[in-house]
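Q: First the structure, then my questions, so here it is.
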Amino acid sequence: MTGSRILVVEDNPLNLKLIRDVLQVAGHEVIEARSGEEAVALAGEVAPQLVLMDLQLPGIDGVEALRLIREHPVVGRVPVVAVTAFAMKEDRDRALHDGFDGYLGKPLSVRDLPEQIQGFLAKGNDGG
Ligand code: MN
């Protein structure tokens, strides 16, 4: 199994470090963005295989950043997973309704995250 290039969008430095460390240990290449604007710009530049998108961001939020990424002619179909501190079922439903390919609730589980990421990557490779 080879690593994937994953764009992690997170404005909280501690959360960002945690996600980065876990994903790098799992063999992935991590590209970091600290705002939605940065995420949109980087997505077009680095062509990630997966995006983890914090929903609460300074400036444009994760939903708006997703919308802008989807407009990109090349990387627009990249799987984008919402990450949010809210763990209510309606938040999960709303994230899926907003067009995210999946949902992770905070706090993230260091133990489960690598497998969850593999699941999202596998789904993204379905071609569906
Ligand atoms: Mn945030």
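The values are calculated or read from the model by the stated rules, or taken from the named source; none is laboratory data. Please read all numbers here as calculations on a predicted model, not as lab measurements. The area values use the complete protein model at the heavy-atom level, side chains included, leaving out ligands, DNA and RNA. Shrake-Rupley method; radii C 1.70, N 1.55, O 1.52, S 1.80 Å.
Q: So what is the relative contact order of the chain, in percent, for Cα pairs below 8 Å that sit 6 or more residues apart? Before the final figure, lay out each step's value.
A: Details: 207 pairs, mean separation 29.1, N = 128.
Relative contact order here is 23 percent.
Q: With the other protein chains left in place, how much accessible area per residue, in square angstrom, belongs to the stretch 5-125 at a 1.4 angstrom probe? Numbers along the way, then the final one.
A: On the way: 6240 Å² over 121 residues.
Computed with neighbouring chains in place, this is 52 Å² per residue.
Q: Give me, ordered by chain and number, the residues 5 or more places off Val83 or on other chains with an amide H under 5 Å from its own placed amide H.
A: Amide H neighbours of Val83, under 5 Å, 5+ apart: Met53, Asp54, Leu55, Leu104.
Q: Could you pull the Rg and Dmax for the chain, using just the Cα atoms, both in Å?
A: Spelled out, the Cα radius of gyration and Dmax of the chain are 13.1, 37 Å.
Q: Something else now. Give me the percent of accessible area attributable to carbon and sulfur for the stretch 5-125, probe 1.4 angstrom.
A: On the way: 3430 of 6240 Å².
Here carbon and sulfur together make up 55 percent of the probe-accessible area.
Q: At 222 nm, what value in deg cm²/dmol follows for the chain if DSSP H runs of at least 4 each add -39500 (n - 2.57) and the sum is divided by all its residues, to the nearest 500?
A: Working: 5 runs with 54 residues, N = 128.
Result for the chain, helices only: -12500 deg cm²/dmol.
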